[in-house]
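Data block below; observations after.
The values are calculated or read from the model by the stated rules, or taken from the named source; none is laboratory data. The structure presented is a predicted model; accordingly, all values stated were derived computationally and were not measured. Ideal geometry is used to build each Cβ from the backbone, glycine not excepted, and the neighbour counts take in all protein chains shown. Heads up: the accessible areas ignore ligands, DNA and RNA and are worked out on the full protein's heavy atoms, side chains in. Shrake-Rupley method; radii C 1.70, N 1.55, O 1.52, S 1.80 Å.
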Amino acid sequence: MASSVSLADSNPKLCQIIHQRIAEHPQHRITFAEFMDLALYHPQHGYYSTKQALGGIQDDFFTSPHLGADFGELLARQFAQMWERLDRPFPFTLVEMGAGQGLLVQDILRYLHRHHFECFEALEYVVVEKTSALIAEQQRRLQGLTKSWNHLRWCSWDEIPSRSIVGCCFSNELVDAFPVHQVAVESGELQEVYVTVGHEGAGVGDQGSSFAECLAALSTPRIMEYFQQVDIPLPSDRYPEGYRTEVNLAALDWLSTVADRLQRGYLLTIDYGYPAQRYYSPARTQGTLQCYYQHAHHSDPYRAIGRQDITAHVDFTALEQYGQQFGLETIGFTQQGLFLMALGLGDRIASLSTAPSDIPLQDLLRRRESLHALINPMGLGNFGVLIQGKGLDTAERSLLGLDLPT
Ligand SMILES: C[S@@+](CC[C@H](N)C(=O)[O-])C[C@H]1O[C@@H](n2cnc3c(N)ncnc32)[C@H](O)[C@@H]1O
């Protein structure tokens, strides 16, 4: 669905800053990854820094936690089992990475408090969040909790010592929000997409922006190494001229940091994406970049700069292969629908038909709709769920969420 966003919807200050960054560069260009990083994460004018204040990220997209407490509660069930599997460590640390509006914290903690109190008592909950404005929003939302419970804290990776975490690091829709490098096949060579200055109204993008794109040599050898690592023959005869795709090098840096901080336990990644063979299918000629603005999506990152979300699908093969290099072994890969069903979502749907009669019908229908949305194979249910582990024996690798649902 194309949205009716116009050039005027871009944040003019942010565009100026990006222009400045381009002008300062010796070759008067920046990588697409730098552009995307500024568009999303510039500390004052980036999408994530300003959108919350401007009326809420959920105006552009919603994620599983926005559908109610069920997603967080089912995750909590998995965490409680991880705690048991690890032989009830004290402390048991949950690290939520990229917490958005902070919705999951409450859902997870409330469930553990009610249903797995011993696990709750062992808990340290750490939020690692990049955007200061979102940290402020999370702390505002959770201030009641932090007043009465002092095991919730916000940290940067620098504040977490190497090999210190026994527990689970997890994220929902984090990796798809990392800035990606864009590459394209030109004259049989793999080139990188750079952003440079264009002429207002005549530049790149559906509606003419003040930016232009150019192709030039890859900015780093890591891009070719990446394709070798995930066994994708780019460039080659299989890929047509003009083929364009993305490489998420930031995901590799993140993975290596998490692997370093984990002493023993799990990394749980939930996101939309594919294995490499599917991601880099020659038929997917324009990659997976998607932009979200006011519930519409399109593929033009040069519209509504600083006011729209930009994402790219996750290459789960890369997470698995690089994870192995960093000491994380794959425990299982499944789909969100199957994962949540294995954790009891089916029982929750079934219990709606025997719900007390004083619950208004409208509420029941709304909840049923939300539960179905979480497992919808055409939507959230098709998200990938990757569980990796470090320092685990065979029994510790057997997890409820990876069982086939009955
Ligand atoms: C699409 S939102 C998802 C939010 C939340 N997990 C949810 O499911 O609603 C991405 C989140 O990741 C954060 N983020 C992006 N890059 C990050 C990084 N390198 N470290 C920590 N957080 C990051 C963003 O600021 C934002 O909070």
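Here are the numbers:
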{"read-out": "Most mobile listed residue (L262, L152, L319) in the chain, GNM with C-alpha springs under 10 Å", "value": "L152"}
{"read-out": "Only Lys, Arg (+1) and Asp, Glu (-1) charged, at Cβ; the chain dipole about Cα centre in debye", "value": "760"}
{"read-out": "Whole-number D in µm²/s for the range 157-259 (Stokes-Einstein; Kirkwood sum over Cα pairs; 4 °C, 1.567 mPa s)", "value": "79"}
{"read-out": "Dipole-positive endmost among C155, H181, V195 within the range 107-195 (Cβ charges, Cα centre)", "value": "C155"}
{"read-out": "Which of A395, F92, Y47, positive extreme of dipole for the chain (C-beta unit charges)", "value": "F92"}
{"read-out": "Accessible area per residue, Å², the range 310-365 with all protein chains present, probe 1.4 Å", "value": "46"}
{"read-out": "For the range 116-257: relative contact order, % (alpha-carbon pairs under 8 angstrom, 6 or more apart)", "value": "21"}
{"read-out": "Per residue value of the accessible surface for the range 92-159 (all protein chains in place, 1.4 Å probe), Å²", "value": "48"}
{"read-out": "For the range 295-406, Kirkwood radius (reciprocal of mean inverse C-alpha pair distance, Å)", "value": "17.2"}
{"read-out": "With at most 16 other Cβ atoms within 10 Å, longest stretch of the chain clear of loop GluC sites (Glu not before Pro) (DSSP)", "value": "1-199"}
{"read-out": "Rounded percent of accessible protein surface that carbon and sulfur make up, the range 72-180, 1.4 Å probe", "value": "46"}
{"read-out": "Inter-probe distance in nm under a simple model that places probes 7 Å from Cα toward Cβ, at A216 and A136", "value": "3.7"}
{"read-out": "Fraction of accessible area attributable to carbon and sulfur, the range 320-406 (%, probe 1.4 Å)", "value": "54"}
{"read-out": "At 1.567 mPa s and 4 °C, Stokes diffusion of the chain via Kirkwood alpha-carbon radius, µm² per second", "value": "58"}
{"read-out": "Which of Y266, S236, A251, positive extreme of dipole for the range 226-277 (C-beta unit charges)", "value": "Y266"}
{"read-out": "Entries of K147/K390; K130/K390; K51/K390 with Cα pairs more than 30 Å apart", "value": "K147/K390; K51/K390"}
